[in-house]
Amino acid sequence: QVQLVESGGGLVQPGGSLRLSCVFSGREFSKYRTSWYRQAPGSRREFVASINDGGNTNYVASVKGRFTISRDGAQNTVSLEMNSLKPEDTAVYFCNAWRRGNDYWGPGTEVTVSS
């Protein structure tokens, strides 16, 4: 069974930075595609970024050049470095692990970008 726990959210001013982390508990971390999603108030959950064990990354257009996803196979963690944050980045951020149709989600960590 896979469990995911996110941390690192908080309140930050526009233009600031945050680093989110997600700890993966379970077996065969390397075989999972890991991603970050976010859900703003009143909106649907949306894809933010993903990374596989080969280091291949994908980003939603709105965060390209500002966010960086990474993973550490030794620590079983996935991180999201967020720079130049904007008010529209305000959302609950969720960590996701996917393999062969099995989807696992963390409880989320809240990010608020406001002055």
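General observations
- If you go through region 82-115 and keep only what is charged (D, E, K, R), over 13 Å from PHE47 (Cβ atoms), part of a strand (DSSP E or B) and open to solvent by 50 Å² or more (accessible area, probe 1.4 Å), you end up with just GLU110.
- Taken over region 18-53, residues that are open to solvent by less than 70 Å² (accessible area, probe 1.4 Å) and outside any strand (DSSP E or B) amount to 7.
- Per-region count, region 27-65, residues touching a Leu at 6+ places or on another chain (Cβ under 9 Å) and of a type in the set (Gly, Ala, Ser): 1
- Index of the failed condition, GLY15 passing every other in (1) outside any strand (DSSP E or B); (2) surrounded by 12 or more Cβ atoms within 10 Å (Cβ to Cβ); (3) touching a residue at least 40 places away in the same chain (Cβ under 8 Å): (2)
- Failed criterion for PRO41 (all others in (1) under 11 Å from the mean Cα position of the chain (by Cα); (2) free of Cβ contacts under 8 Å to residues at least 60 places away in the same chain hold): (1)
- Hits in region 54-75 (condition: modelled with pLDDT of 95 or more, open to solvent by less than 60 Å² (accessible area, probe 1.4 Å) and either touching a Phe, Trp or Tyr at 6+ places or on another chain (Cβ under 7 Å) or assigned to a loop (DSSP other than H, G, I, E, B) (or both)): TYR59, VAL60, ARG66, PHE67, ILE69
The values are calculated or read from the model by the stated rules, or taken from the named source; none is laboratory data. It should be emphasised that the depicted structure is a prediction, and the values quoted were computed from it without experimental measurement. Neighbour counts are summed over all protein chains in view; Cβ atoms, including those assigned to glycine, are modelled from backbone coordinates with ideal geometry. Just the protein is used for accessible areas: all its heavy atoms, side chains included, with ligands, DNA and RNA removed. Shrake-Rupley method; radii C 1.70, N 1.55, O 1.52, S 1.80 Å.
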